[in-house]
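These notes concern the structure reproduced below.
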Amino acid sequence: MEPETKNCQNCKKDFVIEMEDFNFYEKIKVPPPTWCPECRMKRRMVFRNERKLFRQKDMLSGESILAIYPTETSLVIKDKDWWSQDKWNPLDYGIDIDFSKPFLEQIFDLSKKVPKYQSASTNMINSDYSANASDLRNCYLMFNSNFTEDCAYGNGVDFSRNCYDNSHIQKSERCYESFWLTNCYETHFSSQCDNCISLWFSKNCKDCQNCFGCVNQRSKKYCIFNVQYSKEEYEEKLRDMNLHSWNSIIDNGKRAKDFWLKFPNKYIQGIQNKDVSGEYISHSKNVKNSYLIRESEDLKYVQYSQVPSSRDCMDCSLIGCHSELFYEDCICGWGATNLRFCCECWDGGREFEYSMFCGRTASNLFGCVGITKQQYCILNKQYSKEEYFELREKIIKHMNKNPYIDQKGRVYKYGEFFPPEFSPFAYDQTTIAEHFPSNKEEAEKLGVWWQDNNPNEYKITMSFSDISDLIEDVEEKIIKEVIECSKCGRAYRIIEPEFKFLKQMNIPVPRSCVDCRHYSRISQRNKSKIYPRNCMCEGKDSKDNIYQNTVEHFHGNSSCPNEFETSYSPDRSDIVYCEKCYHQEVY
C-alpha cells in the first residue's frame, strides 16, 4: 500500500501514514489513525501522572492513604495490598452491553465503579512514598523507577543504588543531580555520560574518570574543561573550586553549561543503535520516531520504554519489560502481549482491547476494568469463547456506527484511544506538561482540566536564605525544618538519608523544592518533537565559527550535505552535527 496523507481531526494538520504503518495495522487488524502522531502521544500521556502523590481516602476502611489520583477524582480508590490480594471479584461489577449508547461511554462509567489501586507499584520494600515503580528498596519519592535501592527524588532511575535527584539513569551508584547516565559512579551535575567515575558538570563523556566541566571526552582522566592535567594538578584545582559551597556550585554550573554550548552535539543522543530515529535511544534496532528507549527493537512512535526489552510496538507511551505487539497503549507492559487501546495493564495478560487495570493471567478482554484472571470478558461480564468473539464483532460495528463524540466534537470510532476527557488527572499533573506548554490554554485545547498549585500547603519554618553556604556548616537539625523553596515558595524538607549522602559527597544542601529541582534537571532533556535539519558542520568549523574542527571531515572544506531529523529545534543555540561529523570530532 502506498503512503497516504490524512488530516488530523485534533490539530487539523496533515500527516502521512507510511507503507510500513499500514503493514502493522493489517497485522494487528486495526484501522489507520485519524489523529497525527504528536496528537496521539498527547492523548495517551494525559493519562500518566508520573510523580504527583495525593492524600486520598481508602473507600473500604476510610483511612487516609497516598495515591496517584487527586482528591477531585470520582474513582473508587483502594489500598494496593487489598486490591492485589484477591479480596474482591471484578466480575461482580459486570454489566450488559447497551447498544443504545456509545461503547466508550459504557467503559468510562464502568471505570468509575470498579476499584483502582492507589498507585502502580509492585515489590516495594520501605518505599511507601514512591509510585509507578517496581522492586524498590529504601527509596523515597522515586517514580517510574525499577530495581533500585537507597535512592530518593528521581524519575526513570533503574538498576541503581544510593543516588539522589536524578532523571533517566541506569546501572549507576552514588550519583547526584544528573540526567541520562549509564554505568556511572559518583557522577554529579552531569548529562548523557556512559561508564564514567567521579565526574562533575560534564556532558557526553564516555569511559572517563576524574573530570570536571568536560564535553565529548572519551577515555580521559584528570581533565578540566577539556584541558589535560596531572593527577596532582587536577586535585589541587578541584579543591580550589570549593564545590562544598552552594555559591560555588551555582557559579560552576553556569560556567560549565556555557562551555557545553561551544561543542557539537550528535543529532541523536544514544549509543550502539542500528537504524533508529528520535531521541535518547540506546542499544536498540529499528526504532523510529521514538523517545527515551533502551534495548528495544521494531518500535515506532513510542515514548518511555526504558526497561528492556520491548518489540513490535507502535504508538505507545510508558511501556516496558518485554512488551510485545502493542498499539495505542499507555502505561502497560511487564510480559503482556497483543494489547490495543489499553491503559494501566501490567504484569502479563494477552489479547486486551479498551481495557484498564487488567493483567496477570487474564486474556481476551474487551472494555474491562480490573480483571486479572478471567478470559473472554466484555464490560467485566464473562462469556463463552464463541459468544465473546461474536459480541466483539458486533461491538466494533456498533462503535463505527454509533461512535463516542467528545466535548470538542472529535469522533471516536473503533481504533481510537480513550478521549482525553476520560483522564482523572489535570493537565499539569501529567507527563505531557513536560513536553508541551503547561498552561490552562493548552489544557483546554486538548480537553483536559487544569489545576493551580497551592503554595501554602505546609507551614514554613525556615527560609532557603538561612541555609549555610558550606555543607560542613549545616547541622543535622535541618532535617526537622520545613524549608521555603527559593523558586516557587512551596515547602520542602531534607530527609535524613539525603543529609548523610550530601555530607559524605561534600555537596551543599539544595535551595529549591523537589518539583523545582526535577523541572530544572529535565530542562536539559530535549523535548520529544522532531525537526528536519542540516548538519551545522561547514568544513573547517561549525556554523557561525563557534567550534573549530580538529580533523578534516569527509566533505573537506565545504558544508556537510547530510540532512537528518533531530530534537534540537532550529531556534536553539546548540551546535548539531550529523553522526559522521560528530564521530570524526569525538572518536
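The values are calculated or read from the model by the stated rules, or taken from the named source; none is laboratory data. The model shown is predicted, which means the values in this text are computed figures rather than measured ones. Please note: Cβ atoms are built from the backbone with ideal geometry, for glycine as well, and neighbour counts cover all protein chains shown.
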Counted residues, the range 301-319 - those being under 16 Å from the mean Cα position of the chain (by Cα) and in a strand (DSSP E or B): 10
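Please find, among Ile107, Ile97, the residue that is within 25 Å of Phe417 (Cβ to Cβ), among the aliphatic types (A, V, I, L, M) and part of a helix (DSSP H, G or I). First the steps, then the outcome.
On the way: Ile97 fails: part of a helix (DSSP H, G or I).
From the options Ile107, Ile97, the qualifying one is Ile107.
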Need pairs with beta-carbon distance below 6 Å; first residue over 24 Å from Asp452 (Cβ atoms) and at pLDDT 95 or above and within the range 413-433, second β-branched (Val, Ile, Thr) and outside any loop (DSSP other than H, G, I, E, B); sequence gap 6+ or separate chains. Tyr414/Ile396
So which residues in the range 196-207 are closer than 20 Å to Glu585 by Cβ and assigned to a loop (DSSP other than H, G, I, E, B)? Cys196, Ser202, Asn204, Cys205, Asp207
Single condition Ile97 does not satisfy, out of (1) touching a helix residue (DSSP H, G or I) at 6+ places or on another chain (Cβ under 9 Å); (2) surrounded by fewer than 15 Cβ atoms within 10 Å (Cβ to Cβ): (2)
Subset of the range 110-157 (residues that are out of contact with any Pro (no Cβ under 7 Å at 6 or more places or on another chain), hydrophobic (A, V, I, L, M, F, W, C) and either assigned to a strand (DSSP E or B) or within 20 Å of Thr73 (Cα to Cα) (or both)): Leu110, Ala120, Ile125, Ala131, Ala133, Leu136, Leu141, Met142, Phe143, Phe147, Val157
One residue from Phe47, Phe15, Phe22, Phe54 being within 22 Å of Ser423 (Cβ to Cβ) and free of Cβ contacts under 8 Å to residues at least 40 places away in the same chain: Phe54
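Kindly indicate the residue of the range 487-508 that is under 12 Å from Tyr176 (Cβ atoms) and not in a helix (DSSP H, G or I) and also farthest from the chain's Cα centre (by Cα) among those meeting that condition.
Here is the first cut: in the range 487-508, the residues under 12 Å from Tyr176 (Cβ atoms) are 498, 501-502, 504-508.
This time we only want the ones that are not in a helix (DSSP H, G or I), so: 506-508.
Details: Asn506: 30, Ile507: 27, Pro508: 28 Å.
Step by step, filter the range 487-508, then rank; the result is Asn506.
Specify which of the listed residues (Lys500, Lys540, Lys527) is within 30 Å of Tyr577 (Cβ to Cβ) and without any contact (Cβ under 8 Å) to a residue 60 or more places away in the chain.
Being within 30 Å of Tyr577 (Cβ to Cβ) and without any contact (Cβ under 8 Å) to a residue 60 or more places away in the chain holds for just one of Lys500, Lys540, Lys527, which is Lys540.
How about the range 433-473: which of its residues are of a type in the set (A, V, I, L, M) and assigned to a loop (DSSP other than H, G, I, E, B)?
To start, the set of residues in the range 433-473 that are of a type in the set (A, V, I, L, M) comprises 433, 443, 446, 448, 460, 462, 467, 470-471.
Answer for the range 433-473, where residues must be of a type in the set (A, V, I, L, M) and assigned to a loop (DSSP other than H, G, I, E, B): Val448, Ile460, Ile467.
Could you run through the range 158-195 and say how many residues are in a loop (DSSP other than H, G, I, E, B) and touching a residue at least 60 places away in the same chain (Cβ under 8 Å)?
As a first pass, look at the range 158-195 and keep what is in a loop (DSSP other than H, G, I, E, B): 159-160, 162-163, 171-172, 174-175, 183-184, 189-190, 195.
Subset that is touching a residue at least 60 places away in the same chain (Cβ under 8 Å): 162, 174, 189.
Qualifying residue count, the range 158-195: 3.
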